[in-house]
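Structure, as C-alpha cells:
The values are calculated or read from the model by the stated rules, or taken from the named source; none is laboratory data. Just so it is clear, the structure is predicted and the values come from calculations on it, not from any experiment. Counting neighbours? That spans all protein chains shown, and the Cβs are built from the backbone with ideal geometry, glycine included.
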Ligand code: GAP
C-alpha cells in the first residue's frame, strides 16, 4: 500500500517537474525569439543592458503600435463619449502628494539574511497561495478524467474535502494578507510568512528581516542649478494627467457625464522584483481610461467596464480559457472595488489589466491641494458634484507579452519536419504581407516591387528575394506575417500570383487585382473590432 502511494506521488512530482521545465523552456524560447527576429532587445545591450529595461526593435515597434491602435480605436473612435489626451510625463510635484503616491505608493519588502536577496513580501505570500490553487486544480483535473462526462465540476469544487480545504486556505491567506497590508500591519505580514514557513527561493532559508515599505516612484530634477532645481517624479501612472485635466477636457469638449478620457503613454516604477522579461519593467507603457460618472452609479459602470474590457481581450482570439477575473482583497488607497483581468502567461495566471472603481478620491484630493473646484454641473439633476471614476488600465507591454508568447508555436508538419510560427492575430501582425519573386531575374523582382508599391498605401508590406522560397516562407512564419505572395513566371503572362496563408500554409492562385481585398478582409481592424 505504502509503495503504491509512493509511486503515485512520485508520478505526480515528475509530472509537475516536467510541466514546469516545459513552461520554462517555452518562456526562454519567447525571449530568444523576440531578440532573434527583431522584436525586443535588452536596453543598451552593448553595456550589458539595464535591468528590467527593454527596447522595441523594428518588428516589435509595429506590433506594439498595432496593439495600441486596436485599443485606441475600440475606446476612443468607437465611443462617442470617450475622448483622448496626451498629458506630459513630468507633472507638478504636488500632483503626487494629492494622489497619495508620495505617502502610499509602496511595496512591502523583505530581505533574506542568508542569500541577501530582496523580495516583495506580498509576492512571496501570493506565490504560496497560488500553489494551493494549483493543487486544487490538479484534483479537479484528475476527477475530470476519472468521472468523464458525468463530472459536475461545480459540485466537486464545493464538496471534495481536499479541494475545499485548499481553496479555503488560499482565500484565508489572501484575506489576511489584504487586511494586514490595508491596516499597515507589517508585523503580521512577516508573521504570516513565518507561519506558512515560506523559504527564500534562492538559499532555502527562513532567516528573514522585518518587512519594510519602499516607495516606487523615480525622482528627477527640473532646472539647471543645484540650488534652484525642483524635485519632480516620473509619473508612476498616466491616470493623474487625466484627473488634473478633467475640467479642461469637460469644458472645452462640452462633455456630459458619463464620459471618459483615454490616454496611452509611459509610466515609471522603481520595481524591486522586476522579472519575467517585459512583464514587470521599470519603464513601461499604460493604456488607461478614466470614466467619469454620477456618484452612486459607479458600481453599474464598474460592472459594465469589466465586461467590455474582457470582450475586447476575447476578440483577439487567444482563447477564452486563458482569461479570468481576480477580485482584489487588498484595495489600493483610492479604490472601493477593483478587479484584475488575469491572463495565463507562460509562468501562470497573472494580472494583465486592472479595472478600478476609484470613487471621487483623486478629483477631491486635487481640489483640496490645488484650491480649484473640479466639479461638474449636471443639468438634468440641477446639481453640482465631483464625479466618481471607473478606470480601466492595461499595460501595453504586458499585452505585447500575452499576444507574443501565446502566438509562438512549434509545429510538426505532415512530412515530419518542424516549423516555428508566430500565429499573431493578423490584425496585429507587424507586416501584413511579404512579396517574394520566385527568382531574382526574368523581370519577376520588378513585378514584385510594383505590387509592393500598390499595396503599401494600405498595409505594411515587405520584399524578400534572398534564399529558396521555402526558407523565405519559414522566415515570414517566424515573423508572424499572415500572407506570402509569390510572383512566378505565370504572373508575367496572366497577372496572377500565389498567396500563401501563414496558419494553414494553404496556397491559392489569385489575380493581383484582388490582393488588396483579400488582405483587407483578414487584417482590417474594423472586422476584428466587430467581433466584440
Ligand atoms: N492607474 C492604475 C494603475 O496604474 P496598476 O494596476 O498599478 O494600476 C495597471 O497598473 C496596469 O499597468 C497593470 O495591470 C499592468 O498591465 C501594467 N503595469 C503595472 N506595472 C507594470 C510594470 N512594472 N511593468 C509592466 N507593466 C506594468
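Can you say whether residue 211 is closer than 23 Å to residue 103 by Cβ, away from the ligand (no atom under 16 Å from the Cβ) and either out of contact with any strand residue (DSSP E or B) (no Cβ under 9 Å at 6 or more places or on another chain) or assigned by the TED database to the domain that holds residue 110 (or both), as far as the supplied structure shows?
Working: closer than 23 Å to residue 103 by Cβ: yes; away from the ligand (no atom under 16 Å from the Cβ): yes; either out of contact with any strand residue (DSSP E or B) (no Cβ under 9 Å at 6 or more places or on another chain) or assigned by the TED database to the domain that holds residue 110 (or both): yes.
Here the answer is yes, as residue 211 does meet what is asked.
Only helices (runs of 4 or more DSSP H) wholly contained in the range 13-115 count here; list those with 1 or more residues that are surrounded by 14 or more Cβ atoms within 10 Å (Cβ to Cβ), modelled with pLDDT under 95 and over 22 Å from the mean Cα position of the chain (by Cα).
Details: elements: 58-72, 94-98, 101-104.
Ranges flagged: 101-104.
Go through the range 203-230 and report how many residues are surrounded by fewer than 17 Cβ atoms within 10 Å (Cβ to Cβ) and over 23 Å from residue 285 (Cα atoms).
17
In the range 163-178, which residues are touching a residue at least 24 places away in the same chain (Cβ under 8 Å) and within 14 Å of residue 132 (Cα to Cα)? Spell out the reasoning first.
Let us first name the residues in the range 163-178 that are touching a residue at least 24 places away in the same chain (Cβ under 8 Å), namely 163, 166-167, 169-170, 173-175, 177-178.
Matches in the range 163-178: 163, 166, 167, 169, 170, 173, 174.
Please determine, by comparing only the residues of the range 190-202 that are more than 28 Å from the chain's Cα centre (by Cα) and touching a residue at least 12 places away in the same chain (Cβ under 8 Å), which one is surrounded by the most Cβ atoms within 10 Å (Cβ to Cβ).
First, pick out the residues of the range 190-202 that are more than 28 Å from the chain's Cα centre (by Cα): 190-199.
Pick out the ones that are also touching a residue at least 12 places away in the same chain (Cβ under 8 Å) and you get 190, 192-194, 196, 198.
Numbers: 190: 18, 192: 19, 193: 21, 194: 10, 196: 15, 198: 18.
Out of the qualifying residues, it is 193.
Here is a check on your reading of the model: is residue 260 crowded, with 16+ Cβ neighbours inside 10 Å, more than 10 Å from the ligand (Cβ to nearest atom) and either within 17 Å of the chain's Cα centre (by Cα) or at positive phi (or both)? Before the answer, list the steps.
Details: crowded, with 16+ Cβ neighbours inside 10 Å: yes; more than 10 Å from the ligand (Cβ to nearest atom): yes; either within 17 Å of the chain's Cα centre (by Cα) or at positive phi (or both): no.
Considered against the rule, which asks whether it is crowded, with 16+ Cβ neighbours inside 10 Å, more than 10 Å from the ligand (Cβ to nearest atom) and either within 17 Å of the chain's Cα centre (by Cα) or at positive phi (or both), residue 260 comes out as no.
In the range 324-376, which residues are within 14 Å of the ligand (Cβ to nearest atom), part of a loop (DSSP other than H, G, I, E, B) and touching a strand residue (DSSP E or B) at 6+ places or on another chain (Cβ under 8 Å)?
328, 331, 332, 334, 335
Say whether the condition of being modelled with pLDDT of 90 or more and in contact with a strand residue (DSSP E or B) (Cβ under 8 Å, 6 or more places away or on another chain) is met by at least one residue in the range 152-159.
Within the range 152-159 (the criterion being modelled with pLDDT of 90 or more and in contact with a strand residue (DSSP E or B) (Cβ under 8 Å, 6 or more places away or on another chain)), the answer is no, since none of the residues qualifies.
Residues of the range 377-392 being surrounded by fewer than 22 Cβ atoms within 10 Å (Cβ to Cβ) and touching a helix residue (DSSP H, G or I) at 6+ places or on another chain (Cβ under 7 Å), which ones?
Quick first cut of the range 377-392, residues surrounded by fewer than 22 Cβ atoms within 10 Å (Cβ to Cβ) only: 377-386.
Across the range 377-392, the qualifying residue is only 386.
Residues checked against (1) out of contact with any strand residue (DSSP E or B) (no Cβ under 6 Å at 6 or more places or on another chain); (2) more than 29 Å from residue 121 (Cβ to Cβ); (3) within 16 Å of the ligand (Cβ to nearest atom):
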| site | (1), (2), (3) |
| --- | --- |
| 234 | no, no, yes |
| 250 | yes, yes, no |
| 276 | yes, no, yes |
| 288 | no, no, yes |
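For the range 137-225, please list each of the helices (runs of 4 or more DSSP H) lying entirely inside it that holds at least 3 residues being closer than 19 Å to residue 117 by Cα.
Numbers: elements: 153-159, 161-182, 186-195.
It comes to 186-195.
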